[in-house]
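Engineer: Before anything else, here's the structure in question.
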Amino acid sequence: MSFDPFDFKNALPIINEDSEFFPLMSSEDEEEMNNEQMPDILSILPLRNTVLFPGVVIPITVGRDKSIKLIRDANKGKRMIGVVAQQDVAIEDPSFSQLNNVGTIAFIIKMLQMPDGNTTVILQGKKRFLLKEEVQSEPYIKAKIESFKEIKPKEDKEFKAMVSSIKDMAMSIIQLSPNIPSEAGIAIRNIESTSFLINFISSNMNADMAAKQRLLEIANLRDRTKMVLEHLTLDLQMLELKNQIQSKVRIDLDKQQRDYFLNQQLKTIQEELGGNSPDLEIEDLRKRAIKKKWGKEVSTHFNKELEKLARTNPAAADYSVQINYLELLLDLPWNEFTKDNFDLKRAQKVLDKDHFGLDKVKQRIIEYLAVLKLKHNMKAPILCLVGPPGVGKTSLGKSIAKALGRKYVRMALGGIRDEAEIRGHRKTYIGAMPGRIVQAIKKAGAANPVFILDEIDKVGNDFRGDPSSALLEVLDPEQNSTFYDHYVEVDFDLSNVMFIATANSLSSIQPALLDRMEVLEVNGYTIEEKIEIAKQHLVPKQREAHGLKTKDVTLKNDILEKLIEDYTRESGVRALEKRIGSVIRGVAKDVAMGEVHTPIVTKKEVEKILGAPIYDKDLYENNDVAGVVTGLAWTSVGGDILFIEVSLSPGKGRLTLTGNLGDVMKESTTIALAYLRAHAKDFDINPKLFDQWDVHVHVPAGATPKDGPSAGVTMLTALTSAFTQRKVKPHLAMTGEITLRGRVLPVGGIKEKILAAKRANIKEIILCKSNQKDILEIKEDYIKDLQFHYVTDMREVVSLALLDQKVNNPIDLTVKEDLKTVMN
């Protein structure tokens, strides 16, 4: 039999009207009880599931035949028996040796015959005793007993504090336990006797029989009080913890019940309004899934996730996450393709209409279409268009989609630093989303769109990962058929997507990523090309954007050329479009205000609207000064010409470099001077001059950083001209890298450089022989007035570039034999 803390249901007696019993014991009652004469021999009642303490009243249900006879015999006599707990509760008929040594003399207050046939006896403990020896075993046990002496402690402050703590704890337990009646607190407050208080609490506290028996056997009241205090402390802590847990569970259950009730109401309201209840939403998802063309693996995964959704409480946070995930799976175009248009002539017309020039790119697209027409399951190529800003790389992708009859999507990669932007987040994260690749495919609604990866050279990386490494799988035709997005969790086929990446430079693209793409260079436009682009595209576009008609404004070729040369400095046409827009806005203002104007825009009107020219055209300068040679340079906005200036002054052979030159360009100057010193006699130069004259090399426009090896031949030509004081051939420019052996090496950016030379009124150009192939790729119309000289050695360059004629007013470069007289 187990007891709750202070199980007063078992502790308090059943008292009828004529009973004179009062359950509490005063100090006088206790004194009187202790002074009562104890008999030598007592009938012994074994207790199986409880321990009786002195002064405490308990009801006992008697079931054993021996025990019933004992109670009846005792009730006819003095009603005094001995009560002892048996050592093993499992024994039905314990012998004398199987009883504990310490028991309690009990007085039979009342014996009741219950309706179920059992006998209940109400006992009150009197005093402790020790079992000595058995007198009889039948029909019940009788034994000799002797008094159990109790040691009463000195009631000092510590003892009183312990008793007070026990009372306080008992009252706390009564308040915390819902099973204990409030009358129990009144009973404890009214107990005067310390010994009876300890016995009363010992009898009713939540402890097993063994613990209660140990308490009964403790003779010293102080030690018994201390042990009771320990038990109560543990009981109170357990009860507080239990109440705390029950409170939390109750709150959670209350919230769940409340949410369930509200959801049921919401479900009813939605059904009344014709909205979708959770069951209808799940059924709708199931119907949509039947129409999808996905494979078996995806179908199995979807059905599994749908069953998971059906088991989820609609009020749970995971419900909305799961339904969003399933809707994404349904929205993705699994095996859904747009039909390609294989009319190659139409595709060529579309590309030519939208973009002027860019013949190599257009040819590659037509080739792809032709092969796809012959072999329908060809994997899409992965192209990378590289070129300066504003040349139409991004808009070309839109034209390709239009020519193919495919959907068009664009993804800007500039500034992306998180790998999850490509592959998505796992669903376990709060706010998880699919990667931008999957989002773009979903937006396209087809599994074979033209996909523009804009500014792929601007992808960054940090502690969150390297997005360019994630792109390796996307842009590999052998891998992207099983592209894995962390959010989608199933493979998606990207092999039919036509990826077109754009970049301004290849230097910042990861080599492994670059290896997966077919690089097509989109070079800058010539002035002639820009004029055609402006006439065919930019002017009509701006005219329409500003509400004007063809009769209202016309820009002739000379005006467009002025806008290109005086107000823009770029490879593309982005700034040109802005300038054309400014001019047309000026005309639109005159039209709107009703002012008189001429439809044909003049140069004077251009300067009135745009102001004075912003850029001066770099034109060829004369060759009257020795040491000045025209070079060709490549910039991010196209080609340009630059001038290498060499000046000599008496000194000790020091080399000074100015003009904001980079390390490579400085090295080119050092190599050129070293080669010239080593081969001075080949150019009729006295070697001693190099030790008696300081050399200063300058490249104008000092605020602009300059670097690269292509000025090597120009540096050497300028140094040779300065040391020989020979004139440079007029209208000549050059580009090429040099070595210490005097070899001329090829350089890049030839098309841009050649077009810049033509704009600057250059007539002859010296190039490395290996660059001849680049010239063949340029349209003959653009280079028909230019003469090219292809060289392999610096001696050829000097013989072509320098005239035998000395410059006017040459420097006297005679050698001073007495070095002490040389000016510092």
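The values are calculated or read from the model by the stated rules, or taken from the named source; none is laboratory data. Bear in mind that the values here come from a model prediction, so they are computed numbers and not experimental data. Here the Cβ positions follow ideal geometry from the backbone for every residue, glycine too, while neighbour counts run over all protein chains shown. The area values use the complete protein model at the heavy-atom level, side chains included, leaving out ligands, DNA and RNA. Shrake-Rupley method; radii C 1.70, N 1.55, O 1.52, S 1.80 Å.
Engineer: State whether one or more residues within the range 614-632 are open to solvent by 10 Å² or more (accessible area, probe 1.4 Å), at pLDDT below 90 and either in a helix (DSSP H, G or I) or in contact with a Gly (Cβ under 9 Å, 6 or more places away or on another chain) (or both).
Structural biologist: Checking the range 614-632: not a single residue is open to solvent by 10 Å² or more (accessible area, probe 1.4 Å), at pLDDT below 90 and either in a helix (DSSP H, G or I) or in contact with a Gly (Cβ under 9 Å, 6 or more places away or on another chain) (or both).
Engineer: Filter the range 296-312 for residues that are under 21 Å from residue 264 (Cα atoms), of a type in the set (D, E, K, R) and assigned to a helix (DSSP H, G or I) and give the result.
Structural biologist: Passing the criteria: 307, 308.
Engineer: Looking only at the range 162-174, decide whether some residue is under 30 Å from residue 68 (Cα atoms) and hydroxyl-bearing (Ser, Thr, Tyr).
Structural biologist: We begin by selecting, within the range 162-174, every residue under 30 Å from residue 68 (Cα atoms); these are none.
Among the residues of the range 162-174, not one is under 30 Å from residue 68 (Cα atoms) and hydroxyl-bearing (Ser, Thr, Tyr), which makes the answer no.
Engineer: Now a separate question. In this structure, is residue 745 open to solvent by 20 Å² or more (accessible area, probe 1.4 Å), farther than 13 Å from residue 645 by Cα, within 52 Å of the chain's Cα centre (by Cα) and not charged (D, E, K, R)? Step through it out loud before you land on a result.
Structural biologist: On the way: open to solvent by 20 Å² or more (accessible area, probe 1.4 Å): yes; farther than 13 Å from residue 645 by Cα: yes; within 52 Å of the chain's Cα centre (by Cα): yes; not charged (D, E, K, R): yes.
Taking the combined requirement at face value, the residue satisfies it.
Engineer: Restricting attention to the range 415-463, which residues are open to solvent by 60 Å² or more (accessible area, probe 1.4 Å) and in contact with a helix residue (DSSP H, G or I) (Cβ under 6 Å, 6 or more places away or on another chain)?
Structural biologist: 421, 436, 442
Engineer: Would you confirm whether any residue within the range 698-705 is open to solvent by less than 30 Å² (accessible area, probe 1.4 Å) and outside any loop (DSSP other than H, G, I, E, B)? Steps first, answer last, please.
Structural biologist: Initially, the range 698-705 is screened for residues open to solvent by less than 30 Å² (accessible area, probe 1.4 Å), giving 699.
Still in the list and also outside any loop (DSSP other than H, G, I, E, B): none.
Among the residues of the range 698-705, not one is open to solvent by less than 30 Å² (accessible area, probe 1.4 Å) and outside any loop (DSSP other than H, G, I, E, B), which makes the answer no.
This table checks each residue for (1) under 28 Å from residue 701 (Cβ atoms); (2) polar (S, T, N, Q); (3) out of contact with any strand residue (DSSP E or B) (no Cβ under 8 Å at 6 or more places or on another chain).
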position	(1), (2), (3)
545	no, no, yes
562	yes, no, yes
567	yes, no, yes
585	no, no, yes
589	no, no, yes
599	no, no, no
606	yes, no, yes
614	yes, no, yes
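Engineer: Collect the residues in the range 466-483 that are of a type outside the set (Val, Ile, Thr) and either assigned to a loop (DSSP other than H, G, I, E, B) or open to solvent by 10 Å² or more (accessible area, probe 1.4 Å) (or both), keeping them in residue-number order. So that I can check it myself, show each step before the final result.
Structural biologist: As a first pass, look at the range 466-483 and keep what is of a type outside the set (Val, Ile, Thr): 466-473, 475-481, 483.
Matches in the range 466-483: 466, 468, 469, 472, 473, 475, 476, 477, 478, 479, 481.
Engineer: Being within 30 Å of residue 77 (Cβ to Cβ) and open to solvent by less than 60 Å² (accessible area, probe 1.4 Å) narrows it down to one of 149, 132, 126, so name that one.
Structural biologist: Details: 149 fails: open to solvent by less than 60 Å² (accessible area, probe 1.4 Å); 132 fails: open to solvent by less than 60 Å² (accessible area, probe 1.4 Å).
Within the list 149, 132, 126, the selection yields 126.
Engineer: Determine whether residue 758 is surrounded by 14 or more Cβ atoms within 10 Å (Cβ to Cβ), of a type in the set (Lys, Arg) and in a helix (DSSP H, G or I).
Structural biologist: Values: surrounded by 14 or more Cβ atoms within 10 Å (Cβ to Cβ): yes; of a type in the set (Lys, Arg): yes; in a helix (DSSP H, G or I): yes.
It is true that residue 758 is surrounded by 14 or more Cβ atoms within 10 Å (Cβ to Cβ), of a type in the set (Lys, Arg) and in a helix (DSSP H, G or I).
Engineer: Within the range 208-249, how many residues are open to solvent by less than 20 Å² (accessible area, probe 1.4 Å) and closer than 18 Å to residue 103 by Cβ?
Structural biologist: 6
Engineer: Which residue out of 785, 804, 781 is part of a strand (DSSP E or B) and not aromatic (Phe, Trp, Tyr)?
Structural biologist: 804
Engineer: Among what's in the range 792-801 and is touching a residue at least 60 places away in the same chain (Cβ under 8 Å) and either more than 16 Å from residue 764 (Cα to Cα) or assigned to a strand (DSSP E or B) (or both), pick the residue that is most open to solvent (accessible area, probe 1.4 Å). Break it down into steps so the answer makes sense when it comes.
Structural biologist: Within the range 792-801, the subset touching a residue at least 60 places away in the same chain (Cβ under 8 Å) is 794-795, 797-798, 800-801.
Checking the rest, the ones that are also either more than 16 Å from residue 764 (Cα to Cα) or assigned to a strand (DSSP E or B) (or both) come to 794-795.
Numbers: 794: 0, 795: 103 Å².
Residue satisfying both the conditions and the ranking: 795.
Engineer: Right, next: Against the definition (open to solvent by less than 40 Å² (accessible area, probe 1.4 Å), among the hydroxyl-bearing types (Ser, Thr, Tyr) and more than 30 Å from the chain's Cα centre (by Cα)), how does residue 399 come out, yes or no?
Structural biologist: Details: open to solvent by less than 40 Å² (accessible area, probe 1.4 Å): yes; among the hydroxyl-bearing types (Ser, Thr, Tyr): yes; more than 30 Å from the chain's Cα centre (by Cα): yes.
In short, yes.
Engineer: Being buried (at least 20 other Cβ atoms within 10 Å of the Cβ) and modelled with pLDDT of 85 or more, is that true of even one residue in the range 774-781? Reasoning before the result, please.
Structural biologist: Filtering the range 774-781 down to residues buried (at least 20 other Cβ atoms within 10 Å of the Cβ) leaves none.
Looking for residues that are buried (at least 20 other Cβ atoms within 10 Å of the Cβ) and modelled with pLDDT of 85 or more, one finds none in the range 774-781, hence no.
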